[in-house]
Amino acid sequence: MKLRQTGAIATSVLLMGTAAVSPAADTHHEQYRPAYHFTPPQAWMNDPNGMVYYNGQYHLFYQYHPYSNVWGPMHWGHAVSRDMIHWTDKPVALAPDALGYIFSGSAVVDWHNSSGFGTKEQPPLVAIFTYHNEADKQSGLKPPQSQGLAYSTDNGETWIKYSGNPVLRAPAGKPDFRDPKVRWNEAANAWIMTLAVGDHTEFYGSPDLKGWHYLSSFGSGVGAHTGVWECPDLLPIKVTETGETKWLLLQSLTPGGPNGGSATQFFVGDFDGKDFVLDPQFNAQLKQGGPQWIDWGRDNYAAVTWSDVPKSDGRVLMLGWMSNWDYATTVPTTTWRSAMTLPRELTLHADASGYSLRSLPVAEMEKLKGDRYKVAPQMVADSVAATAPAGVITQSEAVLEYARPAQGSRAYLEYANDQGDVYQVGYDAATGKFFSDRRKSGLTGFSDKFAKEVHVAPRKSPSPTIRMRVYMDHDSVELFADDGATVMTESLFPRTPYTKLRFVVNGQPVQLTSFQLTALKASR
């Protein structure tokens, strides 16, 4: 690996880590390790980075501290997959150097070799990342963050840092200047960099990825602003109902999420190669309904999309970090920390009420499906259990449909074990909202912010039938309600695996029209 890292820097990185992690021969079967979500082989992981598709492979890079199970000097970890489900770990791609730690960023295929790092016959992969210089931060003498490049001409196997780094320095007075997401823009005939700058987003342009100039900014006073903006992503997306192309801006924020801590909001507008301007209808939505979130759970952050997905595929594919900065460093795992969400397909929709963003697990998840267990349709006045082997419950997909409960009633799935741990997720007609209740789900005392209250999300569909898809994977649950119109992602730490699952009704009886539990195979 061409890490461009000196021995002195490697030693300093090791010494700065805490809670050192020793390599384990096989940690994929330890308690809480997910079976079908991506996790690092060991140590600390946070934001997904540099997600790019090239030569039949999805590349996933991620913020990684390989010497500790808590955050420290950041590297880029690396894994590859042909389906976003089955991953192969690769060596660390980028490590800190004299310019600083390697913070979040993106990667692209430079198809026309505008950078000169490859050839037109062998286009280079180019990674764009934030350098964070901790010494500069502590001294306060100059902004600590700048943008750097690295490139690969062997399908991402090895990476060389550009000798002209950094390619974009933060102006004075901007300590937060980071997380570049780069995309080629046909209209402008240029590369566009979307950058998080404190409380807003800035856009920069370049003909060759090496020389950048300021274009415009967006976001001051728009959307949620109770925390720092991070990990932006600007991309074109078609409106499902009309075929019109709009521009979607994903923008993470911490703290300030809808249920506390970290979360990712979105904006819908138009981009002309220089300025991002909110769609008037979406602007009205913001003023009336407040910030719009891609996920209402506590554990989907820094969500960004894959670049260079073939036009023949046509999907917008997204992945997020399945944790929350409120408690990420204290969750009860040891040799590794945190996971990624399921890879998801994003779709944009429009109706009389405005724009909505839906997400569902990618179709490739079908590869993991095993035995199915069905519950007969029936009127449920109390509860009905799913009959399946105990080991299926904790590693499964539950799909159900039921009539919207009468006013004041609640209908939900309840996962439980013999230790008395109980997790509930469903719909409350009294509030008109979905809810996720992990207050008694298992271990919660590692943080007073983890399970302080029930988490809620609005129901956006007017349909009299509620549809829920729930993915349980040992230490996490993901709810996709009403075909992805409402999504909630949550971490869980039951003392022993959940072995019981039932559909519960509190209040007036509810018609259950379908309920199927499907075992999911491990992906690693």
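Do the conditions hold for Ser114, that is, is it among the polar types (S, T, N, Q), touching a Ser or Thr at 6+ places or on another chain (Cβ under 6 Å) and farther than 28 Å from Arg344 by Cα?
Working: among the polar types (S, T, N, Q): yes; touching a Ser or Thr at 6+ places or on another chain (Cβ under 6 Å): no; farther than 28 Å from Arg344 by Cα: yes.
No, not satisfied.
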Quick one: is Ala385 under 26 Å from Ala451 (Cα atoms) and either out of contact with any Asp or Glu (no Cβ under 9 Å at 6 or more places or on another chain) or among the aliphatic types (A, V, I, L, M) (or both)? yes
Unmet criterion (only one of (1) under 27 Å from Tyr53 (Cβ atoms); (2) hydrophobic (A, V, I, L, M, F, W, C); (3) modelled with pLDDT under 95) for Ala352: (1)
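For the stretch 486-522, which positions are part of a loop (DSSP other than H, G, I, E, B) and surrounded by fewer than 19 Cβ atoms within 10 Å (Cβ to Cβ)? Working first, answer last.
So the first thing to find is which residues in the stretch 486-522 are part of a loop (DSSP other than H, G, I, E, B), and the list is 492-499, 507-509, 521-522.
Across the stretch 486-522, the qualifying residues are Arg495, Thr496, Thr499, Gly507, Gln508, Pro509, Lys521, Ala522.
For the stretch 27-65, which positions are among the aromatic types (Phe, Trp, Tyr) and in a loop (DSSP other than H, G, I, E, B)? Give the derivation first.
Of the stretch 27-65, the ones among the aromatic types (Phe, Trp, Tyr) are 32, 36, 38, 44, 53-54, 58, 61-62, 64.
Once the filter is applied, which keeps residues that are among the aromatic types (Phe, Trp, Tyr) and in a loop (DSSP other than H, G, I, E, B), the stretch 27-65 yields Tyr32, Tyr36, Phe38.
Name the strands (runs of 3 or more DSSP E) wholly within the stretch 310-402 that hold at least 2 residues that are in contact (Cβ under 8 Å) with a residue 60 or more places away in the chain, more than 25 Å from the chain's Cα centre (by Cα) and surrounded by 16 or more Cβ atoms within 10 Å (Cβ to Cβ)?
Numbers: elements: 316-321, 344-351, 354-361, 369-375, 378-380, 383-385.
Once the strands (runs of 3 or more DSSP E) in the stretch 310-402 are filtered for at least 2 residues that are in contact (Cβ under 8 Å) with a residue 60 or more places away in the chain, more than 25 Å from the chain's Cα centre (by Cα) and surrounded by 16 or more Cβ atoms within 10 Å (Cβ to Cβ), what remains is 369-375.
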Considering only the stretch 126-142, state which residues are under 28 Å from the mean Cα position of the chain (by Cα) and farther than 17 Å from Gly211 by Cα. His132, Asn133, Glu134, Lys137
Of the residues that sit in the stretch 404-430 and are modelled with pLDDT of 95 or more and surrounded by fewer than 18 Cβ atoms within 10 Å (Cβ to Cβ), which one is nearest to Gly507 (Cα to Cα)? Ser409
Within the set of pairs 6+ apart or on separate chains, which have a first residue in the stretch 96-107 that is more than 16 Å from Leu60 (Cβ to Cβ), a second that is charged (D, E, K, R) and outside any strand (DSSP E or B), and C-beta atoms under 8 Å apart? Asp97/Arg4; Gly100/Glu134; Gly100/Asp136; Tyr101/Glu134
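Out of all the residues in the stretch 258-284, which are farther than 28 Å from Ala187 by Cα and either charged (D, E, K, R) or over 14 Å from the mean Cα position of the chain (by Cα) (or both)? I'd like the intermediate steps shown before the answer.
First, the residues of the stretch 258-284 that are farther than 28 Å from Ala187 by Cα: 258-263.
Of everything in the stretch 258-284, those that are farther than 28 Å from Ala187 by Cα and either charged (D, E, K, R) or over 14 Å from the mean Cα position of the chain (by Cα) (or both) turn out to be Pro258, Asn259, Gly260, Gly261.
Within the group Lys460, Lys440, Lys433, which residue is out of contact with any Cys (no Cβ under 7 Å at 6 or more places or on another chain), of a type in the set (D, E, K, R) and modelled with pLDDT under 95? Steps first, answer last, please.
Numbers: Lys440 fails: modelled with pLDDT under 95; Lys433 fails: modelled with pLDDT under 95.
Lys460 is the lone residue from the list that is out of contact with any Cys (no Cβ under 7 Å at 6 or more places or on another chain), of a type in the set (D, E, K, R) and modelled with pLDDT under 95.
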Do we find a residue being at pLDDT 95 or above, within 18 Å of the chain's Cα centre (by Cα) and more than 19 Å from Ser338 (Cα to Cα) anywhere in the stretch 487-495? yes
Give all pairs with beta carbons closer than 6 Å in which a residue from the stretch 427-448 that is free of Cβ contacts under 8 Å to residues at least 24 places away in the same chain meets a residue that is buried (at least 16 other Cβ atoms within 10 Å of the Cβ) and in a loop (DSSP other than H, G, I, E, B); count only pairs at least 6 apart in sequence or on separate chains. Arg439/Ala451
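Return the total of residues in the stretch 458-484 being part of a strand (DSSP E or B) and of a type in the set (S, T, N, Q). Spell out the reasoning first.
First, the residues of the stretch 458-484 that are part of a strand (DSSP E or B): 458, 465-473, 476-481.
Subsequent filtering for residues that are of a type in the set (S, T, N, Q) retains 465, 476.
Count: 2.
The values are calculated or read from the model by the stated rules, or taken from the named source; none is laboratory data. Since we're looking at a predicted model, the values are computed, not measured. Glycine also receives a Cβ, built like all others from the backbone with ideal geometry; neighbour counts cover every protein chain displayed.
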